[in-house]
Each structure stands twice: as structure tokens, then as C-alpha cells.
Amino acid sequence: MPTQTDNLWGVILAGGDGKRLREFVRLRFNSDRPKQFCAFHGTRSMLGTTVDRVRRRIPFHRMLVTVNSRHREFVEKDLYGMSEGNIIVQPENKETCPAILLPLLHIQQCDAGAIVSIFPADHFVRQEARFMQLIESAARYVNRHPRELLLVGAEAQYPETDYGWIEPAHAASIEGGFEILHVHNFWEKPSFQKAEQLNRNGGLWNTMVMVGRVSAFLEKFQRLTPELFQSFRPVGESFGFPSEADIIRQVYASLPCLNFSTEILEREVQDLVVLPARGIYWSDWGRGERIEMDLAMMKRDTSKVASRQFV
């Protein structure tokens, strides 16, 4: 029987260059591959783990993965079984605005009424089943509120200045047992003083996991980044034609680097809501010390479970 989330698509962003962790990866793996293609825990890379997490709720045929052309060789194992048409290859990394807009145009062509969930490929989530239940509840909410974009906010643990912060306002709804709040303000990488204030006042970390109708995302791009949106028109018109790859290369050659949080989220909050991921441990593995801390935490937890089994 059809459900309200049968038109839910997933976009996984795996096109970053991994500059901040380059030295950490070299020391650990003797490799220059970006972090999202590394297996820090278990046998699956961060991209592979993200794909497995998303597949709990979204089938392969409604999942797109955005990668950088220079990293195409790294994705074969993680995306085994995925159609070539679902692997969106960017000629180069021009930050998150183009990386999100390109797959959105693909989805619009396939399913103009789609609800889209966006996932970075380099995050660590412990309670994965509950996390994807949260995504399904988010999809039901935006299905009824087609103009709004929903952000997933992680509970802040300290005044981090590397993250975007979401300042929540009053409640908007309860969906599937999850509370959804209006957004009062959005702060991308605030000063330490501001981060301290946000942390004290219940601010949430922006996970960059977002859910919204494809039309709502594209409307934001068209209105807030009109030059970028206009430059992608030839790309959308070339889908499925032999000239598609050449046109994408030409467009990307003249694109500036544009950050989605700065260009879209921080500039306009009236159509934003946030779903706090309460009871879910989330971390952006953007620094080596964060990875080491979380790996040590998992090792301690594994040791505790093992010790209880022999009591």
C-alpha cells in the first residue's frame, strides 16, 4: 500500500576533497584518498556506511550520490549495484551549492513531486535505525508543508565553532513522536562567544541533513542564488543527450565556490524548520581528534558489552 514517503529520494554528498583530514588520512592509511572513502571503523568506508544507513528507508533506485570526477575510482565498491545514472559526477568540487543543485535537477526531471533528503557522506551516527525513522517523519511533515525545508539538528555538546548552529523557536508540529520547531536564526561557524551563547540557550548543531520537496529547494536556489541557478539551465536541458558531460564541464569551469549554508540557510529562515535528533549521537568527522574520540568511545562500549557477557 502506498505511503506518504513513497516519493522520498536520497542525495548523498561525497564530492569533497577532504583537505582538513588529508594529513590524518596519510598517517593512518598511507593514502591520499579523501576521508569519505576511508574505513575508519569496520570494513565499510564512510560513504559505504552512509549508503547502508540511507538504504534503511530509501531504495537504491531513488538514491543519488554526488562525487568528484577525480575520485571516481574510489566509489566502485561502495556503490556496487547502483545504476550509473544514479552516480552524479562533478568535474570538480565547487562546494555544496553546485553539489546539491546538480542532483536536484536530475530528480526534478524524474519526479517533479519528489521529497528529497540530503546526507553528507562523512558523518558518524550511532543510532542509525532511529535516525532514519526521524528522516521518514521529516518527509511526512514536508509532504504537508511543501514550501518548507527541514533541517536535522544535533544536540550540542560544547560551543563548537566549526559547525553551523540552528537557533530554534516555538514548536511547529509533532510528527511520529519527534518534535519539529520553527527556526529563529541560523549561524554558520559563529565566533566562540556566540557559540557559547547558543550552547547555553539550547542551540542545535546543523548536521547538513535536510529534507524538503525538490520544488522548495529549487525555489530557494532560483531566488537566493539566481546567477548560479541560471548557469545550470543548459545542464538541465542537456540531461540524456550526448553533450551532457561536455556541458557540465563547461558550466563548472566558470562556477565560483558557493556554500549552501552561507548562501541559502543563513540568508533566509522564515521557511526553515528543525527536527532535533534527540537521543542520537552524531558527529561530523571533519577533524582527526573527533574521529579518535569516537573510535575510543566505541571501543570502550564494545569492551563493556564483552565483559558483561562473561559475568
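Residues in the range 114-144 that are under 16 Å from Phe217 (Cα atoms) and either acidic (Asp, Glu) or buried (at least 20 other Cβ atoms within 10 Å of the Cβ) (or both): Ile115, Val116, Ser117, Ile118, Phe119, Ala138, Ala139, Tyr141, Val142. Do the conditions hold for Met293, that is, is it touching a His at 6+ places or on another chain (Cβ under 8 Å), in a helix (DSSP H, G or I) and at negative phi? No.
Every condition in (1) assigned to a helix (DSSP H, G or I); (2) in contact with a Leu (Cβ under 8 Å, 6 or more places away or on another chain); (3) of a type in the set (S, T, N, Q) is met by Ser117 except one, and the failing one is (1). When residues in the range 24-58 are screened for being charged (D, E, K, R), within 22 Å of the chain's Cα centre (by Cα) and part of a loop (DSSP other than H, G, I, E, B), 5 of them pass.
Within 19 Å of Trp9 (Cβ to Cβ) and surrounded by fewer than 20 Cβ atoms within 10 Å (Cβ to Cβ): does that describe Val152? No, not satisfied.
The set of residues in the range 252-281 that are touching a Lys or Arg at 6+ places or on another chain (Cβ under 8 Å) and either within 23 Å of Arg130 (Cβ to Cβ) or among the hydroxyl-bearing types (Ser, Thr, Tyr) (or both) comprises Tyr252, Gly279, Ile280, Tyr281. Listed by first and then second residue, the pairs linking a residue in the range 61-79 that is more than 17 Å from His106 (Cα to Cα) and in contact (Cβ under 8 Å) with a residue 40 or more places away in the chain to a residue that is basic (Lys, Arg) and surrounded by fewer than 21 Cβ atoms within 10 Å (Cβ to Cβ), with Cβ atoms under 7 Å apart and 6 or more places separating them unless they lie on different chains, are Phe74/Arg33. With respect to Arg147, is the statement that it is among the basic types (Lys, Arg), closer than 28 Å to Thr50 by Cα and either under 21 Å from the mean Cα position of the chain (by Cα) or outside any loop (DSSP other than H, G, I, E, B) (or both) true? Against the criterion (among the basic types (Lys, Arg), closer than 28 Å to Thr50 by Cα and either under 21 Å from the mean Cα position of the chain (by Cα) or outside any loop (DSSP other than H, G, I, E, B) (or both)), Arg147 qualifies. Scanning the range 150-176 for residues that are outside any strand (DSSP E or B) and of a type in the set (S, T, N, Q) returns Gln157, Thr161.
Of all residues in the range 75-85, exactly one satisfies the criterion of being surrounded by fewer than 20 Cβ atoms within 10 Å (Cβ to Cβ) and touching a strand residue (DSSP E or B) at 6+ places or on another chain (Cβ under 8 Å), namely Met82. State whether one or more residues within the range 254-272 are among the aliphatic types (A, V, I, L, M), at pLDDT 90 or above and assigned to a helix (DSSP H, G or I). Yes, the range 254-272 contains a residue that is among the aliphatic types (A, V, I, L, M), at pLDDT 90 or above and assigned to a helix (DSSP H, G or I).
Does Val273 qualify as being closer than 21 Å to Val142 by Cα and in contact with a His (Cβ under 7 Å, 6 or more places away or on another chain)? When the stated conditions are applied, Val273 passes them. For beta carbons closer than 7 Å, sequence separation of 6+ or different chains, a first residue in the range 2-23 that is farther than 14 Å from Met63 by Cα and part of a loop (DSSP other than H, G, I, E, B) and a second that is modelled with pLDDT under 80 and among the hydroxyl-bearing types (Ser, Thr, Tyr), there are no qualifying pairs. If we keep just the residues of the range 24-75 that are out of contact with any helix residue (DSSP H, G or I) (no Cβ under 7 Å at 6 or more places or on another chain) and of a type in the set (S, T, N, Q), which is nearest to Val116 (Cα to Cα)? Among those that are out of contact with any helix residue (DSSP H, G or I) (no Cβ under 7 Å at 6 or more places or on another chain) and of a type in the set (S, T, N, Q), it is Thr50.
The values are calculated or read from the model by the stated rules, or taken from the named source; none is laboratory data. It should be emphasised that the depicted structure is a prediction, and the values quoted were computed from it without experimental measurement. A quick note on method: Cβ atoms are made from the backbone with ideal geometry, for glycine too, and the neighbour counts reach across all protein chains shown.
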